[in-house]
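Quick notes on the structure that follows.
The values are calculated or read from the model by the stated rules, or taken from the named source; none is laboratory data. This structure is a prediction, so every number in the text was calculated from the model and none was measured. A quick note on method: Cβ atoms are made from the backbone with ideal geometry, for glycine too, and the neighbour counts reach across all protein chains shown.
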Amino acid sequence: MPESRDELRYLAETLNGMLARIESAFRKTVEFTANASHELRTPLALIRATAEVALMRAPQAESDPPNSNYAALSQILREAERNTALLEDLLRLARADSGTASLHLEAMDLTEAFRLTCQRCEALAARRGLSLRFLPVPEPIWVSGDAKHLKSLLLILLDNAIKYTPSGGSVEVSLLATAAGYAICRVKDTGIGIPADDVPRIFDRFFRSDRARTREEGGSGLGLAIAAWIARTHNGRIEVESVLGAGSTFRIVLPLLAQVPAAHEESTSLQPVLQGNTLQGNKG
Ligand SMILES: Nc1ncnc2c1ncn2[C@@H]1O[C@H](COP(=O)(O)OP(=O)(O)O)[C@@H](O)[C@H]1O
Ligand SMILES: [Mg+2]
């Protein structure tokens, strides 16, 4: 039926044209985000540096009223820092969207990488009156990963756990390799928890649960979107369990490396390290 073939072809052409326009519009948006973020970086850095220098030149005096220049400059600095972090997040997502994020996958020991990441957060946790513990893992756990990205994935979860746990609480990080071939890192806090209705949305860009929004903690709601992207690019995923008012548990699940790098072979095995009591109690 030549008639209808023509119509079909016409329809296909129209659809193709539409898809091409959507794709080009999407690409332009991604490019715009990347360019805008990049252009804003320099002026923000300048604002930050200027505020820092001014603060150093005129240190706070005890007689300073709450609305002193020092207080104003401190606020400018805080806001500039917050916006710098937001820009960096936007840039990362723009790179992820456009497929230009550079990922260097190599065999890496998750135990060592995550132990160091936890160490970096200890001081912050202590300042907030929280205990942060990395439960010792007896063995290296090998995955194919980009160490920088995987560390920042754990940092995002730790930052949240610390931010959303009131002083006096605790954050516990554990790591294990399962017989099914996965590395599982669990970040468990005793914080404010997430309302059940909000749980499916926390990985959406800019989503912040109202309970978090009312706190003065300045987040932009991009952290978990980035975390989920990093997990996905490593063929992994993030799981969440949360009880409102009692705490949250996030799990990073990554495929184990099938073959331990030769240089490390004799000192390691891929046996599950779920032994002893320290890694029990996955609920809550
Ligand atoms: N450990 C946690 N405890 C309670 N709520 C959390 C936790 N982690 C994430 N959330 C909720 O998920 C939202 C999104 O997290 P995220 O993307 O990191 O954004 P941000 O931390 O900037 O608000 C948070 O605003 C908060 O409501
Ligand atoms: Mg966050």
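Return a yes/no flag: does segment 183-202 have any residue that is within 7 Å of ligand 1 (Cβ to nearest atom) and on the phi > 0 side of the Ramachandran plot. Yes: one or more hits.
Of the set (1) more than 30 Å from V137 (Cα to Cα); (2) of a type outside the set (F, W, Y); (3) part of a helix (DSSP H, G or I), all apply to P65 but (3).
Restricting V253, V187 to those that are in contact with a Lys or Arg (Cβ under 9 Å, 6 or more places away or on another chain), of a type in the set (A, V, I, L, M, F, W, C), closer than 21 Å to S131 by Cα and assigned to a strand (DSSP E or B) reduces the list to V187.
The residue of segment 171-198 that is nearest to S209 (Cα to Cα), among those that are of a type in the set (D, E, K, R) and buried (at least 21 other Cβ atoms within 10 Å of the Cβ), is D189. All conditions but one from (1) in a helix (DSSP H, G or I); (2) of a type outside the set (G, A, S); (3) loosely packed, with under 13 Cβ neighbours inside 10 Å apply to L44; the one that does not is (3).
When R127 is tested against (1) more than 14 Å from the chain's Cα centre (by Cα); (2) within 16 Å of ligand 1 (Cβ to nearest atom); (3) among the basic types (K, R), just one condition goes unmet, and that condition is (2). Taking the conditions exactly as written (among the charged types (D, E, K, R), under 20 Å from the mean Cα position of the chain (by Cα), in a strand (DSSP E or B) and surrounded by fewer than 17 Cβ atoms within 10 Å (Cβ to Cβ)), does R133 satisfy them or not? Yes, satisfied.
Residues checked against (1) of a type outside the set (V, I, T); (2) crowded, with 17+ Cβ neighbours inside 10 Å; (3) assigned by TED's automatic domain parsing to the domain that holds F134:
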| position | (1), (2), (3) |
| --- | --- |
| L15 | yes, no, no |
| F32 | yes, no, no |
| E81 | yes, no, no |
| L91 | yes, yes, no |
| T111 | no, yes, yes |
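Residues satisfying the criterion are absent from segment 202-219 (criterion: buried (at least 21 other Cβ atoms within 10 Å of the Cβ), farther than 28 Å from G129 by Cα and within 16 Å of the chain's Cα centre (by Cα)). In segment 93-109, what residues are surrounded by 14 or more Cβ atoms within 10 Å (Cβ to Cβ) and more than 18 Å from L224 (Cα to Cα)? Those that are surrounded by 14 or more Cβ atoms within 10 Å (Cβ to Cβ) and more than 18 Å from L224 (Cα to Cα): S98, A107, M108, D109. Evaluated against (1) away from ligand 2 (no atom under 16 Å from the Cβ); (2) modelled with pLDDT of 95 or more, I230 falls short on exactly one condition, (1).
Within 24 Å of A94 (Cβ to Cβ), in the same structural domain as L93 (by TED's automatic domain parsing) and without any contact (Cβ under 8 Å) to a residue 24 or more places away in the chain: is that true of T50 in this structure? Criteria not met by T50. In segment 139-171, of all residues being part of a loop (DSSP other than H, G, I, E, B) and over 25 Å from I194 (Cα atoms), the one that is nearest to ligand 1 (Cβ to nearest atom) corresponds to D146.
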